[in-house]
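Report on one structure; see the data block that follows.
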């Protein structure tokens, strides 16, 4: 056992939350789930778990349903947001299936009780799952309308005493502008919470950034596009941006 522990790769954090958008599960499709993409992301999470890191996950639901967009098309905002929460549960179940196919024990934990499908959110039980090296996928946001999955991710990371939030995106960090449309966009290695808010940089929504700042939770933004990217960033390798205090 001691020999196994010595072989564990050096990582800065031992309990983290990974936040990804629902769109990340679409692959090159315009809608829904792309199973090979789901499996590829699950493989990255499995690699990190095997490094001895305790992992929480929050996945958006935008690949299936975007409540904010539909609220402007005749569906009341509260109802639309609840529909979006259900979409996150679907994504969480897909990720659970992919992780368990790789031999990683996983629990889907919903802020909205649906006992036949997944566990209700009970903080102490979720912490115990993490201690037993099970991946906890937190679904249904905060259980409240008007709050995004970004805010849910920051809230759950705080409640679980995570040491950092990892935001997996399509780009390798935070830029001054969209690098796909602006060739002069500058990537930051490190930036403060206040600067993100002042410049309105699209890292996470403002309430999530403020909550992370208040709880001194660093946010590490990196690209999920590279196989093994999550593990590499945990070891401090590759390109990424740290959002933290000055």
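Between 116, 76, 100, the distinction of being closer than 24 Å to residue 29 by Cβ, surrounded by fewer than 19 Cβ atoms within 10 Å (Cβ to Cβ) and without any contact (Cβ under 8 Å) to a residue 12 or more places away in the chain belongs to 100 only.
Might you let me know whether the stretch 132-141 holds any residue that is within 19 Å of the chain's Cα centre (by Cα), surrounded by fewer than 20 Cβ atoms within 10 Å (Cβ to Cβ) and either within 18 Å of residue 18 (Cβ to Cβ) or free of Cβ contacts under 8 Å to residues at least 40 places away in the same chain (or both)? Yes, that holds for at least one residue. Screening residue 221 on (1) closer than 21 Å to residue 15 by Cα; (2) at pLDDT 90 or above; (3) within 20 Å of the chain's Cα centre (by Cα); (4) surrounded by fewer than 18 Cβ atoms within 10 Å (Cβ to Cβ) shows it passes everything except condition (4).
On the basis of being under 22 Å from residue 62 (Cα atoms), touching a strand residue (DSSP E or B) at 6+ places or on another chain (Cβ under 6 Å) and in a helix (DSSP H, G or I), does residue 89 make the cut? Criteria met by residue 89.
Table: residues versus (1) touching a helix residue (DSSP H, G or I) at 6+ places or on another chain (Cβ under 7 Å); (2) in a helix (DSSP H, G or I).
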position	(1), (2)
151	yes, yes
171	no, no
179	no, no
183	no, no
198	no, yes
233	no, yes
243	yes, no
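In the stretch 200-215, of all residues being surrounded by fewer than 16 Cβ atoms within 10 Å (Cβ to Cβ) and part of a loop (DSSP other than H, G, I, E, B), the one that is modelled with the highest pLDDT corresponds to 215. Residues in the stretch 19-57 that are in contact with a strand residue (DSSP E or B) (Cβ under 8 Å, 6 or more places away or on another chain) and in a loop (DSSP other than H, G, I, E, B): 21, 53.
Among the residues of the stretch 165-181, just one is surrounded by fewer than 18 Cβ atoms within 10 Å (Cβ to Cβ) and touching a residue at least 60 places away in the same chain (Cβ under 8 Å), namely 170.
The values are calculated or read from the model by the stated rules, or taken from the named source; none is laboratory data. Note that the structure is a prediction, hence the values are computed from the model and not measured. Positions of Cβ are backbone-derived with ideal geometry, glycine not excepted, and every protein chain shown enters the neighbour counts.
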